[in-house]
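Below is one structure; the comments refer to it alone.
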Amino acid sequence: MSEEKGSNDYVIRVIDHPAQVDAAQWNALLEAQPSSTPFMRHEYLLAMHESGSAVDASGWEPQFLVMFEAAQLIGACPLYLKAHSYGEYVFDWAWADAYQRHGLRYYPKLLSAVPFTPVPGPRLLARDASARIALLEAMKQFALQAKFSSAHLLFLDEADQHAARSAGWMMRSTVQFHWVNRTPEPYADFAEFLASLQREKRKKIQQERRRVSDAGVSFTALQGAQISEADWDFFYRCYTLTYRAHHSSPYLTRDFFARMAGTMADHWLLFIAWKDGQRVAASLIAIDPARRSAFGRYWGATEHISCLHFEACYYQPLAWCIAQSYQRFEGGAQGEHKMARGLLPVQTWSAHWLAHPQFAQAVAEFLEREGAGMESYLDELNERRPFKA
């Protein structure tokens, strides 16, 4: 897509490297959004690229949209040309298969997302609603000019959802599970949180935690600069072991986490599990101190210990969040089992545009049926909330 001048005297460009846009301007635009997250920071997206994690060779070719008024950045969007649908957590494999069966190419497609990071937040960084709509239109025109099959935006915040609906994009929903601190009086400690759960849920959590402590496991929590290079090395070993157990390869390189330690250290919290004086597991949590939010990200263990995953990935982070007066902990994609541990269902949204009229119609009809099923599923989940009446 060549440089284009909009009707409001703004200029839209496509850049193929995040470093081509000023980091301070990008982050200032992000901070002005109603639901900023650390994962949309320039440093995070740049690290994805420069570490070799989200690059052309791995099927993520950066084609970021940036919009300027004079020299001022007034709109921006992390956009990738995708050669596959891995690392997205919103599954469109069936759509790609249908294209192929009809002799059409689904890939490459345009995708606005944070690579490998299914956390809801802004994708259309915009000065105002009109700039947000302009970014959507630019994305669609880019796809049309290049003859791409489609364009997609994943895990949108409310402002982006409203813009996408206004622009006529197809909407798709899925479910995640998030913990939210009690209001107006936050939990005093983890014991008070447990007391708010139904008896059988509380008893199960107590049994799971007892199994871990009876195995002789204890935890240390390290934040920001407290995490040493050796700690990061151990975490990365655990992270790769998790992928190996599932017969796959890790998305993120060791260099990505080195860059996080160098540029975004304050946004990371590492729990290390110890047994007999040796480290046996690690759980990495992203944190947003300004907004009092935490996000479960990665974990792994060097040996199997019953219930260690639940302790490292849910109970230790929740206890920390309560002690630090954090407002929310997002448990990541999928995982209905999280409800029994006090995380509640939250609807998340993506937006989709397909160039082929007949396929667009077929997908729209599919999404209507899927959406009705999703609403029923949410109703069912909400009837099974784990808290006392």
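The relative contact order of the stretch 230-286, computed from alpha carbon pairs under 8 Å that lie at least 6 residues apart in sequence, is 32 percent.
Rounded to the nearest whole Hz, the Karplus-based 3J(HN,Hα) values (6.51 cos²θ - 1.76 cosθ + 1.60, θ = phi - 60°) of the stretch 80-86 follow the sequence 10, 8, 9, 9, 6, 10, 6, with x at glycine and proline.
Using only side-chain charges placed at the Cβ, +1 for Lys and Arg and -1 for Asp and Glu, the dipole size of the stretch 182-326 relative to its Cα centre rounds to 460 debye.
Taking other C-beta atoms within 10 angstrom as a stand-in for reagent exposure, 388, 140 fall in the order 388, 140, fewest first. Normalised by the number of residues in the stretch 1-125, the average gap of Cα pairs under 8 Å and 6 or more apart makes the relative contact order 26 percent. Place +1 on the Cβ of every Lys and Arg and -1 on the Cβ of every Asp and Glu in the chain, take the dipole about the Cα centre, and give the residue among 166, 35, 269 whose Cα lies farthest towards its positive end. Ranked along the dipole, the leading option is 269. Placing +1 at every Lys and Arg Cβ and -1 at every Asp and Glu Cβ, with all other atoms neutral, what dipole size does the chain have around its Cα centre, in debye to the nearest 20? Roughly 1000 debye, rounded to the nearest 20. The stretch between residue 71 and residue 91 holds 3.4 nm of extra length on full extension. This uses 0.36 nm per residue minus the Cα-Cα distance.
As a calculated quantity, the FRET efficiency between residue 191 and residue 369 at R0 = 51 Å, using C-beta atoms, amounts to about 0.70. Each label was represented as a point 7 Å from its Cα along the Cα-to-Cβ direction; for residue 276 and residue 324 these points are 3.2 nm apart. Nearest 500 deg cm²/dmol is fine: what mean residue ellipticity at 222 nm does the chain get from its DSSP H runs of n ≥ 4 alone, each adding -39,500 (n - 2.57), divided by its residue count? Value at 222 nm, helices only: -11000 deg cm²/dmol. Each label point was placed 7 Å from the Cα along the Cα-to-Cβ direction; for residue 389 and residue 199 their separation is 1.4 nm. When the chymotrypsin sites (Phe, Trp or Tyr not before Pro) in the stretch 321-356 are filtered for DSSP coil states and for at most 13 other beta-carbon atoms within 10 Å of their beta-carbon, no site remains.
If a/c stays under 1.5 just call it rounded; otherwise compare a/b with b/c (prolate if a/b is bigger, oblate if not). Do that for the stretch 182-326, with a ≥ b ≥ c from the square roots of the Cα gyration tensor eigenvalues. Oblate is the answer for the stretch 182-326, as a/c is 1.5 or above yet b/c matches or exceeds a/b.
Ordering 251, 239, 212 by Cα displacement along the dipole of the stretch 182-326 toward the positive end leaves 212 in first place; charges were set at the Cβ atoms of Lys, Arg (+1) and Asp, Glu (-1). For residue 347 and residue 247, the FRET efficiency from 1/(1 + (r/R0)^6), where r spans their Cβ atoms and R0 equals 25 Å, is about 0.20.
The angle separating the long axis of helix 254-263 from the principal Cα axis of greatest extent in the chain is about 90 degrees.
Based on Cα contacts under 8 Å between residues 6+ apart, the chain shows a relative contact order of 19 percent.
With the Cα gyration tensor of the stretch 1-133 giving a ≥ b ≥ c as the square roots of its eigenvalues, does the rule (a/c under 1.5 for rounded; else a/b larger than b/c for prolate; else oblate) give rounded, prolate or oblate? Prolate is the answer for the stretch 1-133, as a/c is 1.5 or above and a/b outweighs b/c.
Every number here is computed from the coordinates shown, using simple stated rules; none is lab data. Remember, predicted model here, so these are calculated numbers, not experimental data. Using ideal geometry, Cβ is built from the backbone for each residue, glycine included, and neighbour counts are taken over all protein chains shown.
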